[in-house]
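We did not get these values from a lab; they are worked out from the coordinates using the rules stated. In this text the structure is predicted, and so the values were computed from the model without any measurement. A quick note on method: Cβ atoms are made from the backbone with ideal geometry, for glycine too, and the neighbour counts reach across all protein chains shown.
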Amino acid sequence: MVAVQVPSIGPSRQSRPSASSDAEPISFRLLAETRPDKNGNPIYPEKLLAANGKLVRISGFVAPFNDPQDLSQMVITQGAAGGGCFFCAPPGINGVVLVKLARNEEISNGDAVTVEGKMHLDMPDTSGEATTRFLYVLDQSRLVQSE
């Protein structure tokens with residue numbers, strides 16, 4: 001496992017804020033209920049549709065998205081796959097959440113985290129050379145203490 005340190009301008013791991021009581025808890029079990037229709041478009045469970053655009057909280061394991069040295073954009077998955085290597089045994093499309101942190105945090109690849117952010121469903125990421133489609137994106141996110 002490669003440890004990547006992102007410069008901390010926010011709270012350190014020891015002083016992460018507590019989870020917000022306003023954030024709706026979301027589980028990977030709920031995310032797994034998303035199924036494709038006959039055209040490959042996602043059919044979301046009602047609880048996820050209701051959470052779209054709202055503050056949610058989810059716990060998972062960190063994996064890099066574009067740049068392993070910059071985890072301000074990362075993905076979280078239900079389990080640490082392949083000894084911390086997301087690409088060795090990737091989960092299905094409904095088992096990955098793109099997280100965009102509002103500020104840099106001290107975090108490493110493979111860390112177990114709890115994240116709060118604004119949920120967006122079926123949102124393409126166009127920040128790279130190619131468009132990447134994610135079923136779930138947490139925007140304006142922050143790390144919080146695990147419950």
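Taking 7 Å steps out from each Cα toward its Cβ at Gln69 and Arg133 produces label points 3.3 nm apart.
Available extension along the chain between Asn41 and Ala102 is 19.1 nm, counting 0.36 nm per residue and deducting the alpha carbon span.
Under a plain spin-label model, where a point goes 7 Å from the Cα along Cα-to-Cβ, how far apart in nm are Arg29 and Lys54? For the pair Arg29/Lys54, the computed spacing is 1.9 nm.
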